[in-house]
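Laboratory data are not the source of any read-out in this text; all were calculated from the coordinates shown. From a predicted model like this one, the values you see are computed outputs, not experimental measurements. Cβ atoms come from the backbone with ideal geometry, glycine included; neighbour counts cover every protein chain shown.
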Number of protein chains: 2
Amino acid sequence: MEKKVTIYDIAKKLNITAATVSRALNDNKLISAKTKELVLKTARELNYERNASAFALRSGKTKLIGLVVPYINRHFFSNVIMGAEEELNPKGYHVMIFQSNDSFEKEKDIINRVLKNQVDGIMISISKTTTSSTHLTKVINQNIPLVFFDRKLEIKNTSSVVLDDIEGGRLATQHLIDNGCSTIACVISNPKLNIYRDRLIGFTQTIEENNMKYNPDLVFEADSSLAAGHEVADTILSMDTKIDGIFCSSDYTALGICQRMQELGIRIPEKIKIVGFSNEPFTSLLELPLTTVEQSPYEMGKVAAKILLERLESDDILLDHNAKIYPKLVTRLSSKKTT
Amino acid sequence: MEKKVTIYDIAKKLNITAATVSRALNDNKLISAKTKELVLKTARELNYERNASAFALRSGKTKLIGLVVPYINRHFFSNVIMGAEEELNPKGYHVMIFQSNDSFEKEKDIINRVLKNQVDGIMISISKTTTSSTHLTKVINQNIPLVFFDRKLEIKNTSSVVLDDIEGGRLATQHLIDNGCSTIACVISNPKLNIYRDRLIGFTQTIEENNMKYNPDLVFEADSSLAAGHEVADTILSMDTKIDGIFCSSDYTALGICQRMQELGIRIPEKIKIVGFSNEPFTSLLELPLTTVEQSPYEMGKVAAKILLERLESDDILLDHNAKIYPKLVTRLSSKKTT
DNA sequence: TTGTAGGCGTTATCAT
DNA sequence: ATGATAACGCCTACAA
């Protein structure tokens with residue numbers, strides 16, 4: 001059991017005081033070149049490491065970032081986390097992860113816990129059921145920088161990184177049109193969330209830009225699940241209108257639709273073309289690979305972290321910074337042009 | 001910008017000293033019932049929260065757990081993390097996540113960083129390329145409890161939770177035999193890792209237990225990837241021996257094999273039955289759903305955390321505790337009995 | 001039962 | 001350029 005070495009150990013060894021050691025270690029200019037070097041050398045020799053708790057107590061900086069996601073085990077979020085860590089770790093920050101399970105109540109609890117743990121900053125993607133924002137204004141009032149990613153609320157003095165979901169909807173819809181679809185349905189998840197609402201806007205705009213008649217009856221709401229996909233597939237098939245293309249705001253719903261249609265012998269992409277959203281790992285592994293929209297979660301995590309670091313490192317005014325990630329269409333068999 | 005309230009604020013308000021407040025807050029018995037109640041009440045009123053850094057500095061306990069995984073965005077590991085958090089958070093512990101990217105070098109760096117961050121305990125699943133254990137004995141020497149999960153090394157004074165991989169291999173193999181396979185191949189990833197080695201042992205033992213001839217030529221080594229699966233499929237098909245069942249230590253390799261075989265018109269499960277390992281999310285979404293072995297990562301995370309907590313809460317002797325998670329066979333179409 | 005005082009390891013503000 | 005000292009917030013002997 002080795003004991004932790006402190007600046008006093010270094011000081012004693014060099015017959016100087018802890019203050020001098022501290023100065024040497026912190027690039028303070030009030031120190032001679034040679035003592036500084038000497039300190040750094042012995043620090044290395046003794047394997048000195050700054051005590052994080054003492055530093056935090058003294059400075060008020062914990063070098064900890066609270067990262068709140070609905071679920072950590074979702075492909076999207078776990079990759080955001082990867083990106084954030086990649087950016088934060090080299091700067092000496094570490095990430096504490098919290099899961100809301102898409103519950104507003106849990107999210108409020110978490111914010112309290114996060115504040116209690118005295119993080120230097122917060123990154124959050126709000127839960128599906130979050131309705132108010134008072135728990136987050138509390139964060140702002142404590143002067144803790146807050147960056148939303150993907151799912152955001154409009155709050156003063158916060159920053160955000162989101163996918164350009166409108167553009168995502170546009171890419172998907174235009175692709176279907178370009179590949180010959182003339183009657184396109186849109187299957188959308190919870191339109192209260194900014195992400196889904198925007199994907200729908202992108203869809204609608206693109207339909208209109210192409211001088212196609214926008215028909216609200218062709219917009220369906222469905223959960224992001226296989227079961228919801230099965231259901232909505234049945235609904236779509238039971239309609240008089242003959243649909244030849246579907247843009248889905250979720251890969252899971254899209255797969256559900258594909259499954260049900262194939263079960264019924266409807267050929268994809270010949271009879272109907274389908275595009276999902278998120279580029280979930282499974283979409284490329286299917287026998288009928290699914291066209292989808294890449295959200296670059298890893299990059300999103302990096303950008304969110306960068307924005308947070310800006311705020312953290314400069315004690316300037318809390319300027320808001322709202323970044324967008326550009327979506328990429330990933331074309332696969334499910335929407336292939338057929339003649 | 002609200003200021004943080006300390007025990008001094010509470011003390012001042014009640015005309016007592018900080019020491020008394022501290023005692024009240026920490027269930028110390030040297031305090032009268034009524035002052036205690038009074039303190040707790042005003043603490044609540046003032047929204048007091050203990051300063052984590054001060055507590056850590058004073059007590060030497062950071063209430064932080066270092067959790068090291070090869071990749072956070074793998075289904076298996078992200079679910080382990082979920083389970084661990086579920087267990088640790090209610091006890092006031094938080095998790096700091098570190099990724100080794102399956103690199104031994106990075107893992108060594110991480111351990112240094114983890115120690116620097118003064119965690120109270122460590123949970124780790126070692127990288128594929130970890131060859132020595134000196135970086136981890138350093139942890140033991142600092143008296144920091146260490147629990148391995150899934151991928152372990154044999155080190156004194158450490159605990160572990162692993163899947164019973166031998167049993168996993170056994171379940172899969174016995175299932176193939178029960179469903180009529182008589183010539184079974186085993187495709188195994190890096191046999192240096194305990195997990196893969198044990199799955200192979202389970203395979204071998206089961207073959208022998210069933211009085212089938214164990215043929216080492218039917219054991220293949222292949223990465224956990226689609227490409228490796230394609231390759232090994234070709235190898236298997238080019239053999240004189242007619243194989244009618246394959247146990248694969250990875251779902252990805254298994255899928256690769258399936259893809260290649262289907263491409264060549266070989267019918268699964270009629271001609272050949274295939275079983276994978278891990279119950280990756282995609283395995284249930286395929287058109288040909290894959291039989292596989294569930295590893296219950298969430299439960300593994302919980303158990304690992306529980307074992308760590310035992311060590312943390314009791315300052316007893318460092319007793320080793322090695323737990324096993326029982327695997328579950330998930331039967332699907334790829335290995336269905338055909339007549 | 002409560003108060004006093006010291007120290008955990010750092011850094012910043014004095015003074016030298 | 002360096003040393004002495006105080007303070008960050010908390011806990012705990014020890015004293016009362």
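Projecting 7 Å from Cα along the Cα-to-Cβ direction, the label point of residue B:27 sits 4.6 nm from its equivalents in the other copies, listed shortest first.
Please report, in debye to the nearest 20, how large the charge dipole of segment B:118-167 is about its Cα centre when each Lys and Arg carries +1 at its beta carbon and each Asp and Glu carries -1 there.
Charge dipole, segment B:118-167, about its Cα centre: 300 debye, nearest 20.
Among A:326, A:252, B:48, which comes first, second and so on when ranked by fewest other beta-carbon atoms within 10 Å?
A:326, B:48, A:252
Net charge dipole, the protein assembly as shown: roughly 2920 debye, given to the nearest 20, about the Cα centre with Cβ charges of +1 for Lys and Arg and -1 for Asp and Glu. For the residues A:24, A:228, A:323, a GNM of chain A with alpha-carbon springs under 10 Å puts the largest fluctuation on A:24.
Separation of segment B:19-41 and segment B:266-339 by C-alpha centroid, Å? Cα centres, segment B:19-41 to segment B:266-339: 48 Å. Residues whose amide H falls under 5 Å from that of residue A:328, counting only those 5 or more places apart or on a different chain, are A:294, with hydrogens built in the peptide plane. Take every pair of alpha-carbon atoms less than 8 Å apart whose residues are at least six positions apart; their mean separation over the length of segment A:176-333 yields a relative contact order of 20 percent. The GNM of chain A, with springs linking C-alpha atoms under 10 angstrom apart, assigns the highest mean-square fluctuation among A:87, A:231, A:263 to A:263. Once the C-beta distance of residue B:59 and residue A:101 is scaled by a Förster radius of 35 Å, the resulting FRET efficiency is 0.65 to the nearest 0.05. Note on segment B:75-129 and segment A:133-206: Cα centroid distance 33 Å, given to the nearest whole angstrom. Note that segment B:276-281 has calculated 3J(HN,Hα) couplings of x, 8, 2, 6, 4, x Hz, one per residue in order, obtained from phi through the Karplus relation 6.51 cos²θ - 1.76 cosθ + 1.60 (θ = phi - 60°); glycine and proline are x. When a/c is below 1.5 the answer is rounded, else prolate if a/b is larger than b/c, else oblate, so apply that to the protein assembly as shown with a ≥ b ≥ c taken from the square roots of the Cα gyration tensor eigenvalues. In terms of gyration-tensor shape, oblate.
Relative to the longest principal axis of the Cα atoms of chain A, the long axis of helix A:165-178 lies at roughly 30 degrees.
The 3J(HN,Hα) values that the Karplus relation (6.51, -1.76, 1.60; θ = phi - 60°) gives for segment A:295-302 are, in residue order, 9, 6, x, 4, 5, 4, x, 5 Hz. Gly and Pro appear as x.
For segment A:54-152, what class follows from the C-alpha gyration tensor (a ≥ b ≥ c being the square roots of its eigenvalues): rounded when a/c is under 1.5, otherwise prolate if a/b is larger than b/c, else oblate? Here segment A:54-152 falls in the oblate category.
At 222 nm, what helix-only mean residue ellipticity would chain A give, in deg cm²/dmol to the nearest 500, using -39500 (n - 2.57) for each DSSP H run of four or more?
-13500 deg cm²/dmol
Ranked from shortest, the separations from the 7 Å Cα-to-Cβ label point of residue B:109 to its equivalents in the other copies are 3.6 nm.
Backbone amide hydrogens, once placed in the peptide plane, bring residue A:321 within less than 5 Å of A:159, A:160, excluding anything fewer than 5 places away on its chain. Residue exposure proxy: A:13, A:34, ordered by other Cβ atoms within 10 angstrom of their Cβ from fewest to most, comes out as A:34, A:13.
Each other copy holds its own label point for residue B:54; taking that point as 7 Å from Cα along Cα to Cβ, the gaps run 1.8 nm, nearest first. Arranged from fewest to most other beta-carbon atoms within 10 Å of their beta carbon, B:251, B:9 become B:9, B:251. Within the listed set B:267, B:199, B:311, the residue fluctuating most in the Gaussian network model of chain B (springs between alpha-carbon atoms under 10 angstrom) is B:267. Once backbone amide H atoms are built at 1.01 Å from N, residue B:5 has B:49 as its partners under 5 Å, excluding neighbours fewer than 5 places away on the same chain. Residue-wise HN-Hα couplings along segment A:76-90, as the Karplus relation 6.51 cos²θ - 1.76 cosθ + 1.60 with θ = phi - 60° gives them from phi, are 4, 6, 5, 7, 4, 4, 4, x, 5, 4, 4, 7, 7, 4, x Hz; Gly and Pro carry x. The C-alpha atoms of chain B define a longest principal axis, and helix B:251-263 lies at about 30 degrees to it. Under 1.5 on a/c is rounded, so check that first for segment A:202-339, then, if it is not, pick prolate when a/b is larger than b/c and oblate when it is not; a ≥ b ≥ c are the square roots of the alpha carbon gyration tensor eigenvalues. Prolate, since a/c reaches 1.5 and a/b exceeds b/c.
For chain B, the relative contact order works out to 17 percent when only alpha carbon pairs closer than 8 Å and six or more residues apart are counted.
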